[in-house]
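*Asks:* Starting off with a structure, shown below.
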Amino acid sequence: MAEDFEGRIAVVSGGASGIGQAVARALLREGARVAIFDIDPSGAGDLAPADRVHADALDISDTAAVDRAVDRVEREWGSIDLVVSVAGVLHVGPVVEMTSAEWRRVLDVNATGVFNLLQAAARRMRPRRRGAIVTVSSNAAGIPRHGMAAYAASKAAASMFTKCLGLELADAGIRCNVVSPGSTRTPMQMAMWERGTTELDVIRGSLEGFRTGIPLGRIAEPSQVADAVLYLLSERASHVTMADLYVDGGATLRG
């Protein structure tokens, strides 16, 4: 797919670790220049030379800061062609024990953060009538999860927002799609295992937690999710928009 990405300018939020870093690596490998927005950009330091990757410390929930960051990329590098929204946070716990601050933080990052980045990019892309956008959501957006109400609600909001934006931008030829991973080998997933859940538990599923296992018998690697993102950004998906591609090994029993 190198011809689809060579010399193109991409923005990846959450690109310094986990799935976001895998997406940034894949885009760089295919010849793109990548601007990374991350609350902690230290993990982006050795991805590529400075003329091909730039990392900004950025809270994606800060609307004005996101707009300034997007503007800086366009001033310094040129027109943004590709946007991937990956940045996210997770809160685990029962609704009755959740604080309003915890609820707001998850929604601020996982939903409002997507709005901030995609709106800033869309305002610049629309007059040029070109570009592709992918939001990395979660399979939790489409199925209830015990103890994950804020996360699931925020991801459902992000998914539907992206599809609605895709409808609004379709007449300009700008495609907006969603990738919904399941359990993936990332720092966020590892943190959940530190609370007592093991990889085998996730693969097998839990009757007590009303959670199916993973039919393929393994969790995803970040690179596998990145492959799905690159497909949707590429010209191979030139007639695909407002789609939601589940990359969860069949865990939600849906496509």
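The values are calculated or read from the model by the stated rules, or taken from the named source; none is laboratory data. Quick caveat: nothing in here was measured; it's all calculated off a predicted structure. Glycine gets a Cβ as well: all are built from the backbone with ideal geometry, and neighbour counts include every protein chain shown. These area figures cover heavy atoms from the full protein model, side chains too; ligands, DNA and RNA do not enter into them. Shrake-Rupley method; radii C 1.70, N 1.55, O 1.52, S 1.80 Å.
*Asks:* Looking for whichever is at pLDDT 95 or above, buried (at least 17 other Cβ atoms within 10 Å of the Cβ) and outside any loop (DSSP other than H, G, I, E, B) here; the options are 89, 109. Which one fits?
*Replies:* 109
*Asks:* Would you mind stating whether residue 200 is part of a helix (DSSP H, G or I) and surrounded by fewer than 19 Cβ atoms within 10 Å (Cβ to Cβ)?
*Replies:* yes
*Asks:* Within region 140-154, track down each residue that is open to solvent by less than 10 Å² (accessible area, probe 1.4 Å) and either touching a residue at least 40 places away in the same chain (Cβ under 8 Å) or assigned to a loop (DSSP other than H, G, I, E, B) (or both).
*Replies:* 150, 154
*Asks:* Please name all residue pairs, on different chains or six or more residues apart, with Cβ atoms under 7 Å, provided the first residue is in region 239-255 and is in contact (Cβ under 8 Å) with a residue 60 or more places away in the chain and the second residue is assigned to a loop (DSSP other than H, G, I, E, B) and open to solvent by 30 Å² or more (accessible area, probe 1.4 Å).
*Replies:* That search, which allows pairs on different chains as well, returns 246/254; 246/255; 249/215; 249/216; 249/218; 251/212; 252/143.
*Asks:* Could you say which residue among 10, 55, 24 is in a helix (DSSP H, G or I) and in contact with a strand residue (DSSP E or B) (Cβ under 7 Å, 6 or more places away or on another chain)?
*Replies:* From the options 10, 55, 24, the qualifying one is 24.
*Asks:* Right, something else. Any residue that is surrounded by 19 or more Cβ atoms within 10 Å (Cβ to Cβ), touching a Phe, Trp or Tyr at 6+ places or on another chain (Cβ under 8 Å) and closer than 23 Å to residue 107 by Cα - is there at least one of those in region 183-190?
*Replies:* Scanning region 183-190, I find no residue that is surrounded by 19 or more Cβ atoms within 10 Å (Cβ to Cβ), touching a Phe, Trp or Tyr at 6+ places or on another chain (Cβ under 8 Å) and closer than 23 Å to residue 107 by Cα, so the answer is no.
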